[in-house]
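Visitor: Next up is a structure, given as structure tokens.
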Amino acid sequence: PEGADPEALRQRALAALLTARERTALLTDSVDDHELTAQHSPLMSPLVWDLAHIGNQEELWLLRAVAGREAMRPEIDGLYDAFEHPRATRPSLPLLAPAEARTYAAEVRGRALDVLDGAALDGGGPLVRSGFAFGMIAQHEQQHDETMLITHQLRSGTAVLSAPVPPAATDTAGLPAEVLVPGGPFTMGTSTEPWALDNERPAHVRDAPGFFIDTTPVTCGAYQAFIEDGGYTERRWWEPGGWEMVREHELTAPLFWHRDAGRWLRRRFGVTEEVPANEPVLHVSWYEADAYARWAGRRLPTEAEWEKAARHDPASGRSRRYPWGDEDPSPELANLGQRHLRPAPAGAYPQGQSPCGARQLMGDVWEWTSSDFLPHPGFSPFPYREYSEVFFGPDHKVLRGGSFAVDPVACRGTFRNWDLPVRRQIFSGFRTARDV
Ligand code: AVJ
Ligand code: FE
């Protein structure tokens with residue numbers, strides 16, 4: 001993609017915007033107006049807020065910032081500013097009704113495609129060059145689509161979404177439990193990926209001593225052993241904040257699990273099923289991931305270790321765009337893009353493995369790392385401080401790799417996600433590591 005010609009970039013941007021809008025339509029047309037305006041959890045916005053916020057951000061960045069247009073409806077900007085109104089308060093705002101929100105987003109989109117048509121993607125300022133703002137807005141919409149999928153998972157009632165089951169690998173019998181990543185320098189972050197966001201930049205060298213990392217994410221079966229060994233009842237495994245969370249909310253298992261006649265069941269998008277032992281565990285907080293790792297005599301990988309395991313190619317000494325190489329994701333390589341509504345069994349996607357032999361680093365489940373969300377050395381905020389910079393610090397932990405709910409446009413070996421260590425409604429899992 002670096003140095004790609006402007007017409008190819010324009011097509012790429014157009015495809016990314018259209019793909020995102022199709023998914024937004026699926027998530028917002030599959031429920032009625034009452035469900036669009038209801039609050040399904042105090043952790044989430046009503047779906048209709050996400051819908052108009054998607055349109056509003058597109059208006060701000062593609063119509064106003066790139067093309068210099070006047071505000072279409074200046075009076076609504078404040079309603080859809082995520083920093084002005086916390087999620088829990090959004091249902092009581094005078095939001096656009098579902099039909100109005102759809103019309104607004106569609107009108108913005110029509111104008112944005114005109115702007116894309118005439119944009120000089122090979123020159124201009126940093127917003128236009130390489131189609132950055134268009135890629136950023138496609139990623140923004142896809143991130144809110146993942147957020148809306150979380151809202152779908154939290155809603156009660158019958159299922160409205162369905163998808164085929166992801167493939168299992170056939171060669172998992174001989175897979176080692178962990179793989180070695182030898183010590184030495186590697187390149188973290190990127191200065192060349194055109195649509196990489198500010199927090200992924202710039203490329204810089206890190207040195208990491210050797211470590212072992214799990215070949216696959218930790219499974220529900222392995223996590224059940226922690227539960228059955230009294231994991232949630234023994235303070236010694238938990239960070240103080242985690243122990244407080246366990247006691248206050250009387251946690252005994254991942255979110256959406258419940259016990260029934262001696263079996264663990266889980267509710268998934270409106271359907272209840274037995275917890276699949278061989279599937280990566282999902283909906284655990286950072287505190288639970290950290291406690292499990294301690295119980296197992298291991299630890300979470302640092303963010304730099306995770307990225308080295310995913311990208312470093314010892315044969316060439318360089319870092320790849322993805323675990324499997326430099327080519328874009330495809331259905332044979334990773335479980336991405338909401339093609340499936342669950343992670344694939346542990347060990348799936350052998351073609352997508354990284355040079356060290358770790359599997360499923362991209363897609364399936366977001367993976368908690370031990371690291372706080374901090375800027376890379378040489379970071380500068382772009383295009384706005386509120387995208388990343390205001391979240392840097394000890395409050396947020398980094399997640400890497402992307403879940404089944406992440407679209408390929410918002411997934412790279414350098415992509416960084418972050419959240420509070422108590423959060424577990426997100427599509428989060430983890431793998432563990434140890435020193436050599
Ligand atoms: C990167 C997923 C933490 O959803 O809060 C959406 C992405 N930023 N709108 C979030 C985002 C602004 C962000 N995360
Ligand atoms: Fe947003």
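Readers should treat all values here as calculations from the given coordinates under stated rules, not as data from a laboratory. Please read all numbers here as calculations on a predicted model, not as lab measurements. Cβ atoms come from the backbone with ideal geometry, glycine included; neighbour counts cover every protein chain shown.
Visitor: Using θ = phi - 60° and the Karplus form 6.51 cos²θ - 1.76 cosθ + 1.60, what ³J(HN,Hα) does each residue of the range 45-54 get, whole Hz, x for Gly and Pro?
Guide: 7, x, 4, 5, 5, 4, 4, 6, 4, 4
Visitor: Pairs of Cα atoms under 8 Å, at least six residues apart: use those to get the relative contact order of the chain, whole percent.
Guide: 18 percent.
Visitor: Let me ask something else about it. Please compute the Kirkwood hydrodynamic radius over the range 356-436, one decimal place, Å, based on all pairs of different Cα atoms.
Guide: Computed over the range 356-436, the radius equals 13.8 Å.
Visitor: Each label point is 7 Å from the Cα along the Cα-to-Cβ direction; what then is the distance between the points at His34 and Asp122, in nm?
Guide: Those two pseudo-labels are separated by 5.7 nm.
Visitor: Moving to a separate point now. Grab the Cα-Cα distance for Leu43 and Ser330, subtract it from 0.36 nm times how many residues apart they are, and report the gain in nm with one decimal.
Guide: This chain segment gains 100.1 nm when fully extended.
Visitor: Tell me which residues come under 5 Å, amide H to amide H, from Trp264 once H is placed; ignore anything under 5 positions away on its chain.
Guide: When sequence neighbours closer than 5 places are left aside, the close amide H contacts are Val275.
Visitor: How many angstrom separate the Cα center of the range 301-357 from the Cα center of the range 178-219?
Guide: If we compute the Cα centre of each part, the gap is 11 Å.
Visitor: Further question on the same structure: Under a crude label model (7 Å from the Cα following the beta-carbon direction), how far is Thr252 from Ala99 in nanometres?
Guide: 4.8 nm
Visitor: Given H placed 1.01 Å from N in the peptide plane, which residues other than close sequence neighbours of His396 have an amide H under 5 Å from its amide H?
Guide: Phe373
Visitor: By how many nm would the segment from Gln11 to Arg235 lengthen if fully extended, with 0.36 nm per residue of separation less the alpha-carbon distance? Before the final figure, lay out the partial values.
Guide: Numbers: separation 224, 0.36 × 224 = 80.64 nm, distance 5.43 nm.
Length gained, Gln11 through Arg235: 75.2 nm.
Visitor: A further question on this structure: Would you please put 195-201, 248-254 in order of how densely packed they are, using the mean number of other Cβ atoms within 10 angstrom per residue and starting with the highest?
Guide: Top to bottom by mean Cβ count within 10 Å: 195-201, 248-254.
Visitor: Something else: What order do you get for Phe212, Phe134 when you list them from fewest to most C-beta neighbours inside 10 Å?
Guide: Ranking Phe212, Phe134 by Cβ neighbours within 10 Å, fewest first, gives Phe212, Phe134.
Visitor: What residues have an amide H closer than 5 Å to that of Arg320, excluding those fewer than 5 places away on the same chain, when H is modeled at 1.01 Å from N in the peptide plane?
Guide: His312, Asp313
Visitor: Treating the Cα atoms of the range 49-173 as identical point scatterers in vacuum, please give the log10 of the normalised Debye intensity I(q)/I(0) at q = 0.09, 0.11, 0.18, 0.21 Å⁻¹, two decimals.
Guide: -0.35, -0.50, -1.02, -1.24
Visitor: How big is the C-alpha Rg of the range 110-173 next to the rule-of-thumb value 2.2 N^0.38 Å, as a ratio?
Guide: 1.80
Visitor: Ok, one more. What ranking do 202-208, 340-346, 159-165 get when scored by the average of other Cβ atoms within 10 Å per residue, highest first?
Guide: Result, highest mean first: 340-346, 202-208, 159-165.
Visitor: Test of understanding: what is the full-extension gain from Thr170 to Arg267, defined as 0.36 nm times their sequence separation minus their Cα-Cα distance? Please report the intermediate quantities before stating the final value.
Guide: Details: separation 97, 0.36 × 97 = 34.92 nm, distance 2.73 nm.
Taking Thr170 through Arg267 to full extension adds about 32.2 nm, to one decimal.
Visitor: Moving on. When the Kirkwood hydrodynamic radius is evaluated over all pairs of different C-alpha atoms of the range 210-285, what value in angstrom, to one decimal, is obtained?
Guide: On the way: mean 1/r = 0.0730 Å⁻¹.
After inverting the pairwise mean of 1/r, the radius is 13.7 Å.
Visitor: Reported to two decimal places, what Rg/Rh ratio describes the chain when computed on Cα atoms with Rh from the Kirkwood expression?
Guide: My calculation of the ratio gives 0.95.
Visitor: At each listed q (0.10, 0.14, 0.21 Å⁻¹), what is the log10 of I(q)/I(0) that the Debye formula gives for the range 228-382 modelled as equal alpha-carbon point scatterers?
Guide: -0.47, -0.89, -1.39
Visitor: Here is a follow-up. Sort Cys220, Cys411 by Cβ crowding within 10 Å, fewest neighbours at the top.
Guide: Cys411, Cys220
Visitor: Which trypsin sites (Lys or Arg not before Pro) does the range 346-401 hold that lie in a coil by DSSP with at most 14 other beta carbons within 10 Å?
Guide: Taking the range 346-401 and a limit of 14 other Cβ atoms within 10 Å, the loop trypsin sites (Lys or Arg not before Pro) found are Arg385.
Visitor: Starting at the first residue of the range 412-429, write each ³J(HN,Hα) from the Karplus equation 6.51 cos²θ - 1.76 cosθ + 1.60 with θ = phi - 60°, in whole Hz, x for Gly and Pro.
Guide: Along the range 412-429, the couplings run 8, x, 9, 5, 10, 10, 8, 6, 5, x, 8, 6, 9, 7, 6, 7, 10, x Hz.
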